[in-house]
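Heads up, the thing below is written out as structure tokens.
Each reported figure results from applying straightforward, stated rules to the coordinates on display, with no laboratory input. Keep in mind it's a predicted model, so treat the numbers as computed, not measured. Virtual Cβ from ideal backbone geometry, glycine too; neighbours counted across all protein chains shown.
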Amino acid sequence: MAKHISRHELKTDQVQEALSHSAEAVLSHKTTLIYGALIVIVVGGGIFGWRFYTQRQTVKAAAGFSDAMQIFQAPVIGAGQAPEPNQISYSDSTKKYQDALKKFQDVAGHYGKTRPGQLAHYYAALCFEHLKQDPQAIDQLSSVQNSPDQDFAAMARFELAQIYDRDGKGDQAVRLYNELLKGPSVLVPEPEVMLALAQHYRQTNPAQAAKLYNEIKAEYPDSGAADQADQQLALIPAGKS
């Protein structure tokens, strides 16, 4: 026989059921909030951790770069010359640049995404130049010229242009000089590029070289570049300027 349920009991059951659903909804919402909070904590912790990691990598890279620069800038002393106390020095420039190259390559290899690591690529290229290894220098500089850091990229392009000029690849050098003139940077200012381009034209097109020297004097009259331009103009034979 079916049990008779009173109105009071029915109402009580409905209230309990409603409370049960409400509790489940609250619990579900609370769980969502907890998960959301956890995600924020994890992501935030990841960002903090990554930032801490990159900062730590940059500090290590800067220390390694500093060690390499001490070697790169070390004086080369002659036979019988006493070295300065507590100062790195070399009696052979080749050995010096070989040691510096190894240090720069180590920094670039381990910390290539940091600013000191990118700069280490550039100085490794300079070491290769001093060691008369232009193809290796070009490889290093080619990677730096694509750097998102416009100053580093400009430095690499300028050095590449100088190598191309020295190696008889004048067209490539002029192309890079003109690119730099369209967007000069703080580390590679326009008058320096103009001087290099004028130097390129001195033998093949003295009139173009003279034009550039005069532009430097007109646009940067009180600068060291203007003084250099004036000196170089005096060296161009009369009638060719």
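Overview of results
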{"read-out": "Qualifying residue in segment 85-97 (condition: of a type in the set (Phe, Trp, Tyr) and either touching a residue at least 60 places away in the same chain (Cβ under 8 Å) or under 21 Å from Ser143 (Cα atoms) (or both))", "value": "yes"}
{"read-out": "Members of segment 139-164 found to be over 12 Å from the mean Cα position of the chain (by Cα) and acidic (Asp, Glu), listed by number", "value": "Asp139, Glu159"}
{"read-out": "Residue match in segment 178-196 (condition: among the hydroxyl-bearing types (Ser, Thr, Tyr), over 27 Å from Ala68 (Cβ atoms) and surrounded by 15 or more Cβ atoms within 10 Å (Cβ to Cβ))", "value": "no"}
{"read-out": "Helices (runs of 4 or more DSSP H) wholly inside segment 122-241 that include at least 2 residues being in contact (Cβ under 8 Å) with a residue 24 or more places away in the chain and of a type in the set (Gly, Ala, Ser)", "value": "150-166, 170-182, 190-204, 206-219, 224-235"}
{"read-out": "Positions within segment 69-97 being hydrophobic (A, V, I, L, M, F, W, C) and in a loop (DSSP other than H, G, I, E, B), in sequence order", "value": "Ala74, Ile77, Ala79, Ala82, Ile88"}
{"read-out": "Failed item in (1) hydrophobic (A, V, I, L, M, F, W, C); (2) under 16 Å from the mean Cα position of the chain (by Cα); (3) surrounded by fewer than 17 Cβ atoms within 10 Å (Cβ to Cβ), with Ala108 passing the rest", "value": "(3)"}
